[in-house]
Structure formats: structure tokens, C-alpha cells
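Reviewing the structure listed below.
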Amino acid sequence: MRRFSHNRLAMFGLLLVLFFLFLAIFADFLAPYRYDVADFSKVLQFPFIDPSHPLGNDEVGRDFLSRLIFGARTSLMVGLTVQVIAFGVGIPLGAYAGYRGGAFDFAVMRVVDVMTAFPALLFAIFLITVWGGGLEKVILVLGLTSWIGATRLARAQFLTLREKEFVGAARAIGATENRVIFRHILPNAMTPLIVAVSFGIPAAIFAEAALSFLGIGVNDPLPSWGKMVGVSGSYIRVYWHIGLFPTIMIALTMLGFSFLGDGLRDALDPKLTVE
Amino acid sequence: MARYLLGRIISLLFVLFAVSVITFSLMHAVPGGPFDEGKQRLPDAAKANILRKYGLDQPVWKQYLKYMWAAVHLDFGIPYQMPTETVTSLIRKTWFITFQVGIMTVVLAFGVGLILGTIAAYRRGSWIDTAVTFMSMLGTTLPNFVVALWLILVFAYGLKLLPSGGWNEPNDWLIPGVFSKDWILPVLAYALLPMALVARYTRASMVDAFNSDYVRTARAKGLRDRTILTRHVLKNAAIPMVTALGPIIPDLITGSIFIEAVFRIPGLGKYFVTSTFNRDYPMIMALMFLIAFLWGVTYIVTDVLYAVLDPRVRLGGTMQ
């Protein structure tokens, strides 16, 4: 813990993450307008001119500051839920595969192999064009491809840990398989998993931004930073603000989570220096 | 070794087979087809004719077998979105451009990344080290379309030095036929992430190598720093880097949808999106095959290279 709090970059990351969490949770109170209120007399208004719209307006006249704040909610929602799905599926699957070995392990790993061969982004694009976009669909699609890494990682942990003495001891006193897996081994396997989560969140945020950038992610009028960047492409030459601000938000979020992840990794496991 | 390679190639074929089955069945399971009418309705007879022409009136398993039979003979069909071409020629034409971007990116990323990582490891704790670490932090966290946008804002619209997009435009050649201004921004934007990864891995594995016993021995022997660096450190640091960094390459040479979209590069990227939108079955299959194949081959090559570079590693045994 001390190692973490002494790491300045990690603390900076934590602050950024907390800041964005705050924005996401209290967006309704913080944002001066709703994200879908348009003022057609102020389409593409530049920032810092009109005090009632400090960051200007977007291409249909919606307050840009409010859209950015609500965008934090979209991004974090995707990032967190996808990781919940990934590890909710990945940890049990990897745990049983690693602990039991044999046919179950073989089957799981072949599925993982095949899924790895599928390019994740292509797969996501494919599923979205089929199912249609929207926040829930984006989360579902990203969740579908994100459990692979978690499974691999959990399996590797369980493979090494199952040979340890404490596992033998637990089994000797008659603990059931589930008890051994979730009570005895899992707590010892948590460190790399926590670190993986902290890197998985920005990856999911990035994927959502990427899909929305292509125009097949979150649907209007829900704001998404990625979508704002994508839309800005055709206006950016003159109306630079609608491209610049969302990219700053994406960059800061990603930086925050990566600093946090790096810090967690260094604090929890000094032996792991490179991912 | 031969046995091991054979095993790996068989498992690659299995993966390709699985990819083909899953993609094919998913494609056909979803609602909508390539020749669904929009506003103007086709006469039923005409539609039936089109479907028959492309074999879409047959049961899916028959279509699959027919497709695979042709694919095994390297005939990947005709793209529905561009019926005057064949899938092979369309991919060849567009991938050539994507490949150019990719190769330049690989060269830039690995060249600069290796040098920066080495310097950072060699002068550990200096300002160069801090700068390289910071740069690789930025590179790994910023999405490439964000970087691309900033580059365009600064260099194209702000400083008006470089074009904001396009590919091999007649006015943008610096040296005709050799170097175009159009290449600079896309390659820079695309290379930042891999460059950061290469620099980071290089630094980490070089630091490991610098701290090892054989380097201390070499120092004690009185070898010059440069000899230690080139003979001992670089050689040993290369081993973990091959497995970690090899898999970046297929990613880079198949291009980025985002980079190509932002810079209006007429490469392969857009077909990843349009093919699924238009239910262009042959094109989807070919793209999936292409990527799965490149990935598979890269993994085999890196594993073999790993064994060649590090005599302690034995291939075979478990396939992990």
C-alpha cells in the first residue's frame, strides 16, 4: 500500500480515474444541460465565447461540456461492465481448466485458440453490423471477445498454484473442489488478475471509442467520446474544438487507468516489471 | 523439429478450418442477405436469377463445401460489392497500399524503438530514460485515431506543412516515385504505439541483461562497454523480445481501419467494415482467412525463432 501511495504517477492515475468516476456518477448534476438538448441557433459555436456554453456547441447545437461529461458515463460503463463480463466468465473457466486439466482443459484451450485467431475488432464489427449498435450491444460484443485473455491468465495461475502444498493440505482435510478453487487458490491468484483488470478497462474503453468512431457503436443521442472524434473529422478544419476536447478526454482516461495499472502492478508484485 | 513444425502446421489448419466454419455459419445465420432490395423491388424472377448465379439458393452446407473446395484451389470468389473484380485481385490491389503503410510503420517503429530503448537502458535514470519512458507511456495509451487527429490539426491545419490525407497525390511527391508527403503523418500516427511497445520491451529486457552475472564477468574481464553491449547484452535481450514483439507485425501489415479512414488511404481497411455491412460473403471469408493465417504463421515463426536464438529452449513436448 505504501509502495503505491509513494508512486507519484500511480497517485496521479488514481486521481484521474476518481475524477472521471465522479463525472460519470454525478453527470446529471454536474452537466449544465442534458446531453440531448439542442439549441439550433448555436450550431458549432466556438468555445470560450458564450458563458452559457463554455466549451461551445456541437454540430447540432448541443452543449459540448455536457456531452463530454455524459461521455464519461458511457466510457466508464463500457469499461467496467466489459471487465465484469470478461472476468466473470474468464476466472471460473480458467480456474476449472487449470485445476482439472484433462479433457475440459483441452476443450477450453482449443476454443481459446480459435477465438484468438479471430481478429477481435473484426469480430466485434461483424457482430455489431448484424445485431445493430447501441450501448448494450457494444458491451455484449466486447464482452464476448474479452474473456479470452482472462481465461488464459486464470488458467496459467491455477496450473502453477495447484501443485502447491497448501492445495494438497486443503484437499487432504477433505475440502470440496469448489472450496479449494475459490477459497484456497483464487485469493492467491488475485494479484495478476487485478492488474489485468486495470489494463482491461482502458482497453475496453478504447474499443468502444473505436467502434463509435467508425459510427457503429453507441447510438445517438447518447454521447461517446469516440463518436465525437469520428463526427469531428468532417468539421475539424474550422471547428477544431469538437475534435480536440474529446480526444483530450480519451487520452486522460487512458493515461489515468494505465498509470493506475502500472502502479498497482509495481505495488502488488515487484517481480513483474514488464507486462 | 520437423515433427514439431508439422504439428504446428496441422493445428494452424485446424484453426483455419474452425474459423471458416464459424464465420460461414454466422454469416448465413444472420438476417439480411447481399442482394436484399432497398427502395426498388426486383421482380421475383430476377432476384431468383441473381441468387442462383451466386449459388445462394442452395442449402448452406452445400454452399460451404463449394466455397471451401474453390478456396482450397485458391479461388476465393467474386466480391459482391465489386462484381467486376475477383476477391483475390481486389485484396491484392488494396492490400498493396496497406502493406506499404505497414512496412514503413514496422521499419520506423522497430528502428526508432530499438534505439530509444537501448539508450534508455544504457543511461538508466538519466533524463533520456525518463523521456523515453514518458513517450512510451503516451504511445501505449493514446488511440491511434486520436494521435492522427492531433497530427492533422498541428501539421496540416496549423503549420500547413503536410497534407491532411490522401495517398500518392500528384502534388505531394517530395521525390517523385520515391517519397511522398502523404506517407509521413499516417505512418507517424500508426507507428507511435508499436514504437512505444518496442522501446519499452527493449529497455526492460536490456536492463535485465545488464544486471546479469555474465555482464559482470565481462566487465571484470575488462571488456569495453561497447563490446559488452553488442556481444553480450543485445544478443540476450533479443530473445524475450522476439516472442513479445513478433506478433505486432501481422497486425501492422494488415493495417488500421482508423488510420486509413482518417487519412483517406484507399487500402484494405474500409473493406473490413463495408464487407460486413453489405453481407459480402466471399470478401468476409477471405479477410478472416487472411488475418487468421497471418497470425498463425507469425506465432509459428516466433516460436521457432525463439528456439533458434535460445539453445535452452526445446520445441515439442507440450504445445504451449
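Taking the criterion of being buried (at least 19 other Cβ atoms within 10 Å of the Cβ) and in contact with an Asp or Glu (Cβ under 7 Å, 6 or more places away or on another chain), would at least one residue in the range A:237-260 satisfy it?
Yes: one or more hits.
Taking the range B:13-35 only, how many residues are at the interface with chain A (Cβ under 10 Å from one of its Cβ atoms), under 23 Å from B:K53 (Cβ atoms) and under 22 Å from the mean Cα position of the chain (by Cα)?
Of the residues in the range B:13-35, 1 are at the interface with chain A (Cβ under 10 Å from one of its Cβ atoms), under 23 Å from B:K53 (Cβ atoms) and under 22 Å from the mean Cα position of the chain (by Cα).
Mind checking whether some residue in the range B:228-239 is closer than 19 Å to B:T141 by Cα, in contact with a helix residue (DSSP H, G or I) (Cβ under 6 Å, 6 or more places away or on another chain), within 14 Å of chain A (Cβ to nearest Cβ) and among the hydrophobic types (A, V, I, L, M, F, W, C)?
Scanning the range B:228-239, I find no residue that is closer than 19 Å to B:T141 by Cα, in contact with a helix residue (DSSP H, G or I) (Cβ under 6 Å, 6 or more places away or on another chain), within 14 Å of chain A (Cβ to nearest Cβ) and among the hydrophobic types (A, V, I, L, M, F, W, C), so the answer is no.
Anything in the range A:212-235 that is more than 8 Å from chain B (Cβ to nearest Cβ) and not in a helix (DSSP H, G or I)? List them, or say none.
Selection gives A:G215, A:G217, A:V218, A:N219, A:D220, A:P221, A:L222, A:P223, A:S224, A:S234, A:Y235.
Just one of B:R41, B:R8 is touching a residue at least 24 places away in the same chain (Cβ under 8 Å), out of contact with any Leu (no Cβ under 8 Å at 6 or more places or on another chain) and more than 23 Å from B:T276 (Cβ to Cβ); which is it?
Residue meeting the stated conditions: B:R8.
Residue by residue through the range B:274-289, note down the ones that are more than 16 Å from the chain's Cα centre (by Cα), facing chain A (nearest Cβ under 9 Å) and under 19 Å from B:P250 (Cα atoms).
Result: B:I284, single match.
Could we say that B:T105 is outside any loop (DSSP other than H, G, I, E, B) and over 22 Å from the mean Cα position of the chain (by Cα) here?
Against the criterion (outside any loop (DSSP other than H, G, I, E, B) and over 22 Å from the mean Cα position of the chain (by Cα)), B:T105 does not qualify.
Which numbered condition in (1) within 11 Å of chain B (Cβ to nearest Cβ); (2) in a helix (DSSP H, G or I); (3) surrounded by fewer than 24 Cβ atoms within 10 Å (Cβ to Cβ) is the only one that A:D266 fails?
Only one criterion is unmet by A:D266, namely (1).
Output the residues belonging to the range B:219-234 that are modelled with pLDDT of 85 or more and outside any loop (DSSP other than H, G, I, E, B).
Listed by number, the residues that qualify are B:R219, B:A220, B:K221.
Residues checked against (1) surrounded by 13 or more Cβ atoms within 10 Å (Cβ to Cβ); (2) among the small types (G, A, S):
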| site | (1), (2) |
| --- | --- |
| B:L161 | no, no |
| B:G165 | yes, yes |
| B:G177 | no, yes |
| B:S180 | yes, yes |
| B:L188 | yes, no |
| B:Y201 | yes, no |
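Please determine, by comparing only the residues of the range A:173-211 that are free of Cβ contacts under 8 Å to residues at least 60 places away in the same chain and within 14 Å of chain B (Cβ to nearest Cβ), which one is farthest from A:R162 (Cα to Cα).
A:F206
The values are calculated or read from the model by the stated rules, or taken from the named source; none is laboratory data. Remember, predicted model here, so these are calculated numbers, not experimental data. Heads up, the Cβs are rebuilt from the backbone with ideal geometry, glycines too, and the neighbour counts pull from every protein chain shown.
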